[in-house]
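Shown next, in C-alpha cells, is the structure this report addresses.
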Amino acid sequence: MREYAAPLRDMQFVLRELAPLEEIARLPGCGDVTLDVAEAILQEAGKFAAGVLSPLNASGDRAGARVQDGEVSTAPGWRDAYRQFVDGGWNALSPDPALGGQGVPRLVSALVEEMWNGANVAFALCPMLTRGAIEAIELRGSEELKRTYLPKLVSGQWTGTMVLTEPQAGSDLSAVRTRATPQPDGTYRLEGQKIFITYGEHDLAENIIHLVLARTPDAPEGVKGISLFVVPKFLVGADGRPGARNDVRCVSLEHKLGIHASPTAVLAFGDRGGAVGWLVGEEHRGLEYMFIMMNAARFAVGIEGIGISDRAYQLALAYARERLQGTELGARSREKVAIVRHPDVRRMLMLMRSRTEAMRALACVVAAATDTARCHPEADRRARSQAFVDLMIPVVKGWSTETAIEDASLGVQVHGGMGYIEETGAAQLLRDARITTIYEGTTGIQASDLVGRKVARDGGEAIRRVIAEMRDVGGQLEQARLETLSAIAARLEDGVVALEQAVDFVVDTYATDVRAVAVGAVPFLELFGVVAGGWQSARAALIAHRRLAEGAPEAGFYRAKLATARFYADHVLVRAPGLSRTVVSGAEGALSIEDDQL
C-alpha cells in the first residue's frame, strides 16, 4: 500500500476561504491559533501521519490485536507509535489549557483528525474515544473525578473508552442490564458484561478509564434508569498512580471484517466481587451524559469517513496514473495509455474527489460553528451556532460514512482485479470503512434523529435557515454570469427545491404518520448531505472564480476547484430530486407488504 499524503493544499483552502480560521481566531479563547500556527500544525501532523501512522496501517491489519489470559497485545509498532503520539502532544491538541491541553479550535483539530484516519483509522480510534471521555468527565464529573483522571487522559498517559452496549441490548440502550450497587464508602460495585468495546483492553497506556452505563438497584426501567460510572482498569492510589487491578477483564476480542489492529473487546465486570466505580453526575442521568461523548464521537466518526475517502482516492489516482492498459478513445495512436485517460476511470476518480472535498468542507464549516457555539460572546449567536451544529452532526456522520464506503468501493473498481488483492491496500480501506456507518448509531439511527429531533420537532426552522443560505450562494453564482457557475447554480437550485419539498413532507407528516416518514429517513439524510455538499462545493467555485479574476497565483488549483464543483453539480447534485421523491412517496412499497412476504 502506498503511504498516505495529507491533502494540505485543500485543507489550507478550507481554513483560509471556506471556514475562515481568522474569524474563529477573533473569538475569546481562540486567538492563540492564528492561520500561520494552524498551518504549521497541519504540516507537522501530515509528517507524523505519513511517517509514523501510515507505515503501520497494512502491517497492523495483517497482524491484528491478540488476547491471551485477558491481556491484549496490540500489533507490532503500535506501542512505539502511541508513545510518539503522546510525546508529540497530539493527544492534548484539543482539550482546555486549564487541563493541560493546547486548546486548539475544533476547526483545526478536525483536519488533524482527518489525517490520523486517512493514515491509519485503526490507530486513530483510541485517541478519539479518549477525547470523548475527557469531555464527559470535564462537563459532568465531580471535582475529585476531574483531579484524578483528566490530567492523564489529556496527556494520553491514560486512555478512555465508551462502554455502552450488551449482548441483549445492541443499539437499544434502554435494555442495558449491568448493575451498579452503592457501597458505604460512596463507590459502586458493577457487575455485568459489555460487548463491542473499542480499545477496551490494550497495552498502549498504563491505565484505561472506562465510562460505563449501568443501573442502580432502584432504577426505573428504560433509558431514565441508566447511570454513568467511571471504572478504571487499575484503581488509582492516593499518589495518583495506578494501583490494584480492578475487577474488569477482557473475555475475548471480536473477529472483525476490518480495523483488525483495533482491539474490540468483550468486557466482564464483577466476576470477583464487583468492579469499583464512581458515579458521574447524578443517578439516572447517564444516557444524557453519555450523549456528550456520543455527539462528539458521531462527528469524529464522520471525520473517519472523510479520511478513508481521501486515502481511497489517493490510492486509486496513483494506480490510474501508472497502470497502462488500452488505447485512448478517439485517438489515432494505438499506444497503450495510463487508465487515467479512460473516461469512465476519470468519472470514478472525480466522483471520489468531488465528494471528499465537499465532505471536508461541510465538516469544517460545522467544526467552525462548534467553536462559535462555545466561544462567541453573544448568547444569541452561540445558540444559533449550536442549533446548526446539532442539525448537521447526523449529516456529517451519516452521509460522510456512507459515502466513504462508496468511495472505497470505487477505489477497488479503479484498480480492477488488483483492487481485490490485499497487497494494493484498496480492499483494506473498503473493509475498514464498513464499520463507520454502524459506529455510534447506524445510519438509520442518525436519520431518525435528523428527521425527528432536528427537523420535525422545530417545524423545520433550523433547516430552513440553512436552505436560505444555500439560496444566497445560488444567487451569487448567477450574478457572476459565467456558464460554469450558472450551471452549478441551476443544479444547486434543483437540489434546494428537492430538499425543501422533503422538509415540507417531514414537517407535515411526522405527527400523523411517523412510519411513512421513517421509511424515507435515510434517503432524507442522503438528500440533505448531497445538497449540503453541493452548497459547499458551490461556495468553493465562487471563491475560485474570484481568485482567478484577481489573477491570484496557483491558477491551476483554482481551475481544478471550478471543474470539481461542476462535476459535483452534474454527477452528484442531480440525484437530489430522485431522493426527494423517495422521501415523499416511497413509504407504500415498504409498508404495504406483509411480514411473511418479505
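Annotations for the structure displayed:
- Boolean, Glu328 is at pLDDT 95 or above and either part of a loop (DSSP other than H, G, I, E, B) or within 17 Å of the chain's Cα centre (by Cα) (or both): no
- Summed over the range 26-65, the residues that are among the hydroxyl-bearing types (Ser, Thr, Tyr), closer than 26 Å to His260 by Cβ and surrounded by fewer than 17 Cβ atoms within 10 Å (Cβ to Cβ) give a count of 1.
- Residue within the range 502-516 that is outside any helix (DSSP H, G or I), surrounded by fewer than 23 Cβ atoms within 10 Å (Cβ to Cβ) and among the aromatic types (Phe, Trp, Tyr) present: yes
- Unique match (being in contact with a Ser or Thr (Cβ under 8 Å, 6 or more places away or on another chain) and basic (Lys, Arg)) among Arg566, Arg559, Arg546: Arg566
- Breaking point among (1) among the small types (Gly, Ala, Ser); (2) at pLDDT below 95; (3) within 17 Å of Val466 (Cβ to Cβ), for Gly495: (2)
- Taken together, Ala169, Ala133 contain a single residue that is of a type in the set (Gly, Ala, Ser) and either in a helix (DSSP H, G or I) or within 21 Å of the chain's Cα centre (by Cα) (or both), which is Ala133.
- Test: residue in the range 217-226 that is surrounded by 20 or more Cβ atoms within 10 Å (Cβ to Cβ) and among the aliphatic types (A, V, I, L, M): yes
- Number of the exception - Leu145 against (1) closer than 24 Å to Pro263 by Cβ; (2) outside the structural domain of Leu228 (by TED's automatic domain parsing); (3) among the hydrophobic types (A, V, I, L, M, F, W, C): (1)
- Residue count for the range 432-453, restricted to those that are under 18 Å from Ser400 (Cα atoms) and in a helix (DSSP H, G or I): 15.
- Scanning the range 288-306 finds no residues that are polar (S, T, N, Q), more than 30 Å from Gly77 (Cα to Cα) and at pLDDT 95 or above.
- Residue pairs meeting the criteria (Cβ under 7 Å; at least 6 apart or on separate chains; first under 15 Å from Ala124 (Cα atoms), in the range 37-55; second of a type in the set (S, T, N, Q) and buried (at least 19 other Cβ atoms within 10 Å of the Cβ)): Leu53/Asn120; Ser54/Asn120
- Filtered by the rule that a residue be in contact with a Lys or Arg (Cβ under 9 Å, 6 or more places away or on another chain) and outside any helix (DSSP H, G or I), the range 554-598 gives Glu554, Val572.
- Taking the range 258-297 as the range and being surrounded by fewer than 24 Cβ atoms within 10 Å (Cβ to Cβ), assigned to a helix (DSSP H, G or I) and out of contact with any Gly (no Cβ under 6 Å at 6 or more places or on another chain) as the test, the residues that pass are Leu287, Glu288, Phe291, Ile292, Met294, Asn295.
- Considering residues of the range 84-95 that are over 12 Å from Arg131 (Cβ atoms) and in contact (Cβ under 8 Å) with a residue 40 or more places away in the chain only, the residue surrounded by the most Cβ atoms within 10 Å (Cβ to Cβ): Phe85
- Scanning the range 209-230 turns up one or more residues that are of a type outside the set (A, V, I, L, M, F, W, C), in contact (Cβ under 8 Å) with a residue 60 or more places away in the chain, in contact with a strand residue (DSSP E or B) (Cβ under 8 Å, 6 or more places away or on another chain) and under 20 Å from Gly141 (Cβ atoms).
- Residues of the range 372-385 classified as out of contact with any Cys (no Cβ under 6 Å at 6 or more places or on another chain) and either closer than 18 Å to Leu21 by Cα or modelled with pLDDT under 95 (or both), total: 8
- Test result for Val531, surrounded by fewer than 20 Cβ atoms within 10 Å (Cβ to Cβ), in the same structural domain as Ala560 (by TED's automatic domain parsing) and either touching a residue at least 60 places away in the same chain (Cβ under 8 Å) or within 26 Å of Thr437 (Cα to Cα) (or both): no
- Checking each residue in the range 4-25 for being in contact (Cβ under 8 Å) with a residue 60 or more places away in the chain, closer than 27 Å to Gln428 by Cβ, out of contact with any Cys (no Cβ under 9 Å at 6 or more places or on another chain) and surrounded by 15 or more Cβ atoms within 10 Å (Cβ to Cβ) picks out Tyr4, Ala5, Ala6, Pro7, Asp10.
- Residues located in the range 55-112, provided they are part of a loop (DSSP other than H, G, I, E, B) and over 22 Å from the mean Cα position of the chain (by Cα): Gly64, Ala65, Asp69, Gly70, Thr74, Ala75, Pro76, Gly77, Gly88, Gly100
- Residue match in the range 267-275 (condition: touching a Cys at 6+ places or on another chain (Cβ under 7 Å) and modelled with pLDDT of 95 or more): yes
- Of the residues Arg481, Arg464, the single one that is more than 25 Å from the chain's Cα centre (by Cα), of a type outside the set (Val, Ile, Thr) and either surrounded by fewer than 20 Cβ atoms within 10 Å (Cβ to Cβ) or at pLDDT 95 or above (or both) is Arg481.
Residue-wise test of (1) surrounded by fewer than 21 Cβ atoms within 10 Å (Cβ to Cβ); (2) in contact with a Leu (Cβ under 7 Å, 6 or more places away or on another chain); (3) touching a residue at least 12 places away in the same chain (Cβ under 8 Å).
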| site | (1), (2), (3) |
| --- | --- |
| Gly551 | yes, no, no |
| Phe557 | yes, no, yes |
| His571 | yes, yes, yes |
| Val584 | yes, no, yes |
| Asp595 | yes, no, no |
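- Residue within the range 334-342 that is crowded, with 24+ Cβ neighbours inside 10 Å and out of contact with any Pro (no Cβ under 8 Å at 6 or more places or on another chain) present: no
- Within the range 366-387, the residues that satisfy the criterion of being surrounded by fewer than 22 Cβ atoms within 10 Å (Cβ to Cβ) and assigned to a helix (DSSP H, G or I) are Ala373, Arg374, Cys375, Ala379, Asp380, Arg381, Arg382, Ala383, Arg384, Ser385, Gln386, Ala387.
- Residues being more than 30 Å from Leu429 (Cβ to Cβ) and over 29 Å from the mean Cα position of the chain (by Cα) are represented in the range 191-203 by at least one member.
The values are calculated or read from the model by the stated rules, or taken from the named source; none is laboratory data. All values derive from a computational prediction rather than experimental measurement. A quick note on method: Cβ atoms are made from the backbone with ideal geometry, for glycine too, and the neighbour counts reach across all protein chains shown.
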